[in-house]
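The values are calculated or read from the model by the stated rules, or taken from the named source; none is laboratory data. Note that the structure is predicted; figures quoted are calculated from it, not measured. Neighbour counts run over all protein chains shown; Cβ positions are idealised from the backbone, glycine included. Just so you know, the surface numbers come from the protein's heavy atoms only, side chains and all, with ligands and any DNA or RNA stripped out. Shrake-Rupley method; radii C 1.70, N 1.55, O 1.52, S 1.80 Å.
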Amino acid sequence: GQSLEQPSEVTAVEGAIVQINCTYQTSGFYGLSWYQQHDGGAPTFLSYNALDGLEETGRFSSFLSRSDSYGYLLLQELQMKDSASYFCAVRAGGYQKVTFGTGTKLQVIP
Amino acid sequence: DTEVTQTPKHLVMGMTNKKSLKCEQHMGHRAMYWYKQKAKKPPELMFVYSYEKLSINESVPSRFSPECPNSSLLNLHLHALQPEDSALYLCASSQETSSYNEQFFGPGTRLTVL
């Protein structure tokens with residue numbers, strides 16, 4: 001099976017930068033995605049890495065190292081609305097098979 | 001239209017009831033998914049339909065029965081559920097060949113089994 005580990009909670013100050021890490025153990029890896037979920041809401045897609053390196057989308061960047069089975073999500077210029085849970089997710093063991101990580105609850109404080 | 005809709009938003013049912021959850025998308029996506037999410041836990045994949053055919057069943061108990069009547073609709077039929085099945089049920093869709101691999105999620109159905 002697949003397993004993905006993330007820190008359970010992170011607290012950061014408004015305007016700062018925060019990094020959320022994800023380590024995974026999988027077979028047949030296709031790529032790593034990141035999703036944001038506000039309390040009571042649905043997950044929304046943030047980014048996807050299939051190859052090693054950094055992908056940047058506005059204030060969010062995501063990094064993947066396939067050799068280290070590791071990725072991270074970088075959030076810059078934090079805003080209060082960024083307070084949410086963040087999940088990494090792998091497509092592995094079959095292209096359609098998606099497994100979510102344990103999730104990181106980010107709290108942004110003034 | 002980049003929206004996945006789910007009905008109902010909330011559902012309370014007894015262990016002997018039969019009910020159905022519905023999901024709809026009009027983005028032309030050919031892959032559709034059912035997930036179960038318990039409080040403070042990640043979504044867990046239950047089923048995947050690809051081109052209206054069931055392609056993945058993650059060893060889900062038979063009291064959950066999925067159906068894909070056409071490329072836009074996905075149902076989840078519920079029968080003889082247990083209280084531990086109470087959770088948020090999320091539907092999602094994606095392009096089969098999207099390089100961005102983005103899944104679009106619906107708002108979910110919050111199910112309570114008494």
Only unsatisfied item for residue A:55, checking (1) within 14 Å of chain B (Cβ to nearest Cβ); (2) touching a residue at least 24 places away in the same chain (Cβ under 8 Å); (3) among the acidic types (Asp, Glu), is (2)
Residue selected from the range A:76-96 under the condition touching a residue at least 60 places away in the same chain (Cβ under 8 Å) and farther than 30 Å from residue B:51 by Cα, by the criterion nearest to the chain's Cα centre (by Cα)
A:78
Determine which member of the set B:93, B:71, B:55 is facing chain A (nearest Cβ under 9 Å) and of a type in the set (S, T, N, Q).
B:55
Among the candidates A:9, A:56, residue that is modelled with pLDDT of 95 or more and exposed (fewer than 13 other Cβ atoms within 10 Å of the Cβ):
A:9
Selection from the range B:32-51 of residues that are surrounded by fewer than 20 Cβ atoms within 10 Å (Cβ to Cβ), modelled with pLDDT under 95 and in a strand (DSSP E or B):
B:50
Checking residue A:28 against (1) within 11 Å of the chain's Cα centre (by Cα); (2) under 23 Å from residue B:33 (Cα atoms); (3) open to solvent by 40 Å² or more (accessible area, probe 1.4 Å), which test does it fail?
(1)
Residues that are assigned to a strand (DSSP E or B) and facing chain B (nearest Cβ under 9 Å): does the range A:1-12 have at least one?
yes
With the condition kept exactly as written, say whether any residue in the range A:30-48 is farther than 20 Å from residue B:105 by Cβ and outside any strand (DSSP E or B).
no
Any chance the range A:49-59 includes a residue that's part of a loop (DSSP other than H, G, I, E, B), of a type outside the set (Gly, Ala, Ser) and farther than 24 Å from residue A:3 by Cβ?
yes
